[in-house]
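Novice: Before anything else, here's the structure in question.
The values are calculated or read from the model by the stated rules, or taken from the named source; none is laboratory data. Since we're looking at a predicted model, the values are computed, not measured. Methodologically, a virtual Cβ is constructed for each residue, glycine included, from the backbone with ideal geometry; neighbour enumeration extends over all protein chains shown. The protein model used for the area step is the full one, side chains on, heavy atoms only, and it has no ligands, DNA or RNA in it. Shrake-Rupley method; radii C 1.70, N 1.55, O 1.52, S 1.80 Å.
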Amino acid sequence: MRLNSPKMNLMYKACMKASRSLIRDFGEIEKLQVSSKGPADFVTAADRRTEKIIIEELLKAHPDFGVLSEEIGQINEANKNNRWIIDPIDGTINFLHGIPHFAISIAYEEKEEILCGLIFDPIKDEIFFAEKGSGAFFNNSRIRVSKKNKLKDSVLVTGGPKFGSLKKNKIFEEYVKVSKLTNAAVRKFGSAALAMSYVAAGRFDGYWEWELNYWDIAAGIVILKEAGGYVDLKKPKKNVNVVATNSKIHEELNSVLSID
Ligand code: 2AM
Ligand code: CA
């Protein structure tokens, strides 16, 4: 790991410990596909197991820090100065279907600003991480966003709509509109955390998605910013809408989207 601060080391250690159990659980999924009820319950259990290991490790070092995490919700809610933001499995539907594209996402926030972020894809063994002011990394290398400056040459990624979304039709329309108007190639891979990481690493040029939770993208925010990208959060707290790009195509993408 190229960043050596105590916070990054702690996040890395917690993530690696949790990933061992998550990889084992993913190996079990295939066997469960045949029974119809099994997988969904199993994934919830895997989510909780992963979350428990991460939180235990992080709180061992700092028992007073706040935690915001997908399954458990909030711990030490009164501490607004130091907070971990955790998504134990981002890309749950992929995981559930035995598709090897999901990640553990851990962020550290101080006074509402994300200072450290780490996103680990345990199946591809790919880790993306950053600390404010120290650059962004993929495995052992520095990463930068792509240099594309026109949507027509870009590869974009999006996601959603989520189950039960009231804006479902609008979200589909937007997907079609961007594809038609810009000629960009648009992909949907099913993990917000990895979408942000891939823009940071220059694999994608831009990303947008509606109605996310803060933990889906918290770690991705600092990783993408440190890689030279631009992150636009509309509605920052609840049902977050995000437009995140290599900076150069940001204005053009924003002008096509009606996201608010
Ligand atoms: P999750 O896998 O942790 O649920 C897929 O478009 C992205 O949206 C994933 O990162 C997924 O995170 C996130 N998402 C958040 N809420 C969701 C929901 N209710 N249904 C589907 N995806 C959701
Ligand atoms: Ca998520």
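Novice: Between residue 59 and residue 82, with labels modelled 7 Å along Cα→Cβ, what's the label distance in nm to one decimal, could you check?
Specialist: Label-label distance for residue 59 and residue 82, simple model: 1.5 nm.
Novice: For residue 150 and residue 40, calculate 0.36 nm times their separation in residues minus their Cα-Cα distance, and state this gained length in nm to one decimal.
Specialist: Working: separation 110, 0.36 × 110 = 39.60 nm, distance 4.10 nm.
My answer for the length gained is 35.5 nm.
Novice: Volume per residue, Å³, of the convex hull around the alpha-carbon atoms of the range 1-65? Show your work: numbers first, answer last.
Specialist: Values: hull volume 5.1 nm³, N = 65.
Normalising the Cα hull of the range 1-65 by residue number yields 78 Å³.
Novice: Given Cα pairs under 8 Å that are at least 6 residues apart, what percent is the relative contact order of the range 136-193? Display every interim value, and only then the final one.
Specialist: Numbers: 48 pairs, mean separation 23.1, N = 58.
Value for the range 136-193: 40 percent.
Novice: Right, something else. Quick one: accessible area per residue over the chain, 1.4 Å probe, rounded to a whole number of Å²? Provide the component values of the computation, followed by the final result.
Specialist: Details: 11960 Å² over 260 residues.
In whole numbers, the chain has 46 Å² accessible per residue.
Novice: Considering the options 15, 183, 122, tell which one lies farthest towards the positive end of the dipole of the chain, charges being +1 on Lys and Arg and -1 on Asp and Glu at the Cβ, about the Cα centre.
Specialist: The listed residue farthest towards the positive side: 183.
Novice: What percent do you get for the relative contact order of the range 99-143 when only Cα pairs under 8 Å and 6+ apart count? Walk me through the numbers on the way to the answer.
Specialist: Working: 71 pairs, mean separation 11.9, N = 45.
So the answer I get is 26 percent.
Novice: Another question, if that's okay. Distance in nm between label sites at residue 255 and residue 124, each 7 Å beyond Cα in the beta-carbon direction?
Specialist: 3.1 nm
Novice: Identify the chymotrypsin sites (Phe, Trp or Tyr not before Pro) of the range 115-221 meeting these criteria: DSSP loop state and at most 11 other C-beta atoms within 10 Å of the C-beta. Mind dumping the intermediate values first?
Specialist: Values: sites: 120, 128, 129, 137, 138, 163, 172, 175, 189, 198, 204, 207, 208, 210, 214, 215; in loops: 163, 189, 204.
In loop regions of the range 115-221 (DSSP not H, G, I, E or B), the sparsely surrounded chymotrypsin sites (Phe, Trp or Tyr not before Pro) are 163.
Novice: Sticking with this one: How long is the chain along each principal axis, judged by its Cα atoms, biggest number first, in Å?
Specialist: 50, 48, 35
Novice: About the Cα centre, and with charges only on the beta carbon of Lys, Arg (+1) and Asp, Glu (-1), how big is the dipole of the range 170-217? Nearest 20 debye, please.
Specialist: Numbers: 6 positive and 6 negative charges, 44 e Å.
The dipole magnitude comes to about 220 debye.
Novice: Suppose every K and R has +1 on its Cβ and every D and E has -1 on its Cβ; what is the size of the dipole of the chain about the Cα centre, in Debye to the nearest 20?
Specialist: Values: 38 positive and 34 negative charges, 112 e Å.
The dipole of the chain has a size of about 540 debye.
Novice: Kindly identify the range 13-144 as rounded, prolate or oblate by the Cα gyration tensor criterion: order the square roots of the eigenvalues as a ≥ b ≥ c, call it rounded if a/c is under 1.5, otherwise compare a/b with b/c, prolate if a/b is larger, else oblate.
Specialist: Values: a/c = 2.47, a/b = 1.43, b/c = 1.74.
Taking the square roots of the gyration eigenvalues as a ≥ b ≥ c, the range 13-144 is oblate.
Novice: Rounded to a whole number, what % of the accessible area of the chain do carbon and sulfur atoms account for, probe 1.4 Å?
Specialist: Working: 6200 of 11960 Å².
So the carbon and sulfur contribution to the accessible surface is 52 percent.
Novice: So, one more: Can you give me the C-alpha center-to-center distance between the range 48-119 and the range 180-197, rounded to a whole angstrom?
Specialist: The range 48-119 and the range 180-197 have Cα centres separated by 24 Å.
Novice: Using the structure shown, select from 147/235; 60/132; 132/248; 168/238; 13/238; 52/188 the pairs with a Cα to Cα distance greater than 19 angstrom.
Specialist: With Cα atoms farther than 19 Å apart: 147/235; 60/132; 132/248; 13/238; 52/188.
Novice: Let me ask something additional. Once fully extended, how much extra length lies between residue 97 and residue 17, figured as 0.36 nm per residue of separation less the alpha-carbon to alpha-carbon distance? Walk me through the intermediate numbers first.
Specialist: Working: separation 80, 0.36 × 80 = 28.80 nm, distance 2.35 nm.
Full extension from residue 97 to residue 17 adds 26.5 nm.
Novice: With both partners inside the chain, how many of the DSSP beta bridges are antiparallel, as a percent to the nearest 5?
Specialist: Details: 38 of 49 bridges.
If we restrict to bridges inside the chain, about 80 percent are antiparallel.
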